[in-house]
1. Between the stretch B:248-267 and the stretch B:159-177, what's the alpha-carbon centroid distance in Å?
2. Run down the lysines and flag those whose C-alpha is under 17 Å from the C-alpha of B:K175, throwing out any fewer than 8 positions away in its chain.
3. State whether the stretch B:231-296 is rounded, prolate or oblate according to the following rule on the C-alpha gyration tensor (a ≥ b ≥ c being the square roots of its eigenvalues): a/c under 1.5 gives rounded; otherwise a/b larger than b/c gives prolate, and the remaining case gives oblate.
4. How large is the charge dipole for the stretch B:100-173, taken about the Cα centre, if only the Cβ atoms of Lys, Arg (+1) and Asp, Glu (-1) carry charge, to the nearest 20 debye?
5. If only Cα atoms are counted, what is the Rg of the stretch B:235-381, and what is its Dmax, in Å?
6. First compute the accessible area of chain B with a 1.4 Å probe, then give the percent of it belonging to carbon and sulfur atoms.
7. For chain B, set up a Gaussian network in which alpha carbons nearer than 10 Å are linked by springs, and say which option among B:A254, B:A33, B:A331 fluctuates the most.
8. Over chain B, what relative contact order in percent results from Cα pairs under 8 Å that are six or more residues apart?
Amino acid sequence: MKVVVDMNKCQDHGQCVFSAPDVFQLDDTGRLAYVSDPDDALRDEVEEAADVCPLQAIRIEA
Amino acid sequence: MAETGHGVPRSPGRVVVAGASMGGLRAAEQLRAAGWTGTITVIGDEPHMPYNRPPLSKDVLAGTASFESLAFTPRASAADVEWRLGTTVASARLDERVVGLDDGTELAFDGLVVATGMRPRRLRCDGPSGPGSGRHTVRTLADARGLRDELTRPGVRVVVIGAGFIGCEVAATAKGLGVGEVTVVDPEPLPMLRPLGELLARSLHRRHEERGVRFALGVGVAGLEGEDRVTGVVLTDGTVLPADVVVESVGSVANTEWLDGNGLDLSDGVLTDEQLRVGGHPNVVAVGDVARFPNARYDGVPRRVEHWSIPTDTAKHAAKSLVAHLVGSVAQPAPFAPLPTFWSDQHEFRLQSFGAPALGIADVRVLDGDPEGDVLVGYHCDDRLVGVVALGGPAATTGAARYRAQLLAQPALIS
């Protein structure tokens, strides 16, 4: 699974972190960091993270 | 193919989703996620595919967002969903499992998702009305585009009626666009007083005033002046605020008229049980802000919730409960118990909330920071933390998130 976050859209709401903590994290300054090729077993939580992003900045490719 | 009593052909296995906003889209996706393999038909009155509404009062008004940037990208699993756009659901006979569309056609269903949402409440007063009158609401993309066209006219004077989320966001955006005169009117003594309590309301009030937003508080609207176009807002204390544009942000009304005649409680949205089922019909569920549901996390009082996160939360739970019924599964999911969350962007500040601050408004404590700058406040009920709200920059909102697990872990609050 490939995850792409449009960092021009992202406003660091952090909702994705609650849904998929193994894939998305906020660093010490409150900025988003993420794993772009997570294990496919995490698909459900990544889809949930994409749903709850207020900016709809998370895209799942394949 | 089965026939209904009224001769409407019944497709084998159809769920109709009434409403094609975020709630309708999420319902369709979650029906697939819950294992529904039958037909899904989504009916919506706007001509657009579902789009994200929070940017309407901010980026769309400011002119920095296009429709393409607002449109939701449906999950791949929802690619075969049938969309009927530009069409309104006008009636329903739930016992016969049929909905009627505004063009007169009827559509049989096995399952029905009520996702028809809200429309803006309008001021009830004399004065000019209709297109071209200078009166606006902000609910749809068309609304936001129409208001933007008027806000960008030189020298325009704006009166915003209602100091809630939308009113405060519109006022802040108008200031950001360079509008000279922006006045917010509200019968409460402070903006956003009821959802946030006095401490944050006072802080917000000051931040808005420092950026040039004016307020007329503790006063109502008696009427609007003008013939074809509005020229002023008359307040109940006799003051007249000159206005070229009036924005009405005075709450919303549930779109439930189409459900009349089915014996449902439609007194404020559509009442559901703890599985989001509507009025004793296990094959009818409600999602989004039209649903009035009890939250097992709190006091059991059914409420409608107009937060952005609610369409997704309700769709997930409602789809499971509906599909379980349709496929004859006996498994009962746990009662619906979402953790509410909302945010609001005004000027360069963000409000971020977790939990139910409105239930703890009588006991507000500063948890971190200072109301003059970044601040994090806790809301308590019977000495228990029931909500946190941050106001300020990113550090403040990250601080609020640290309390989320604590709020999730609290036992149910039964009054």
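1. 26
2. B:K58
3. In terms of gyration-tensor shape, prolate.
4. It comes to approximately 560 debye.
5. 19.5, 63
6. About 51 percent, which is the carbon plus sulfur part of the accessible surface.
7. B:A331
8. Relative contact order comes out at 15 percent.
The values are calculated or read from the model by the stated rules, or taken from the named source; none is laboratory data. From a predicted model like this one, the values you see are computed outputs, not experimental measurements. When we count neighbours, we look across all protein chains shown, and the Cβ atoms used for this are built from the backbone with ideal geometry, even at glycine. Accessible surface is based on the protein model in full, side chains and every heavy atom, while ligands, DNA and RNA are left aside. Shrake-Rupley method; radii C 1.70, N 1.55, O 1.52, S 1.80 Å.
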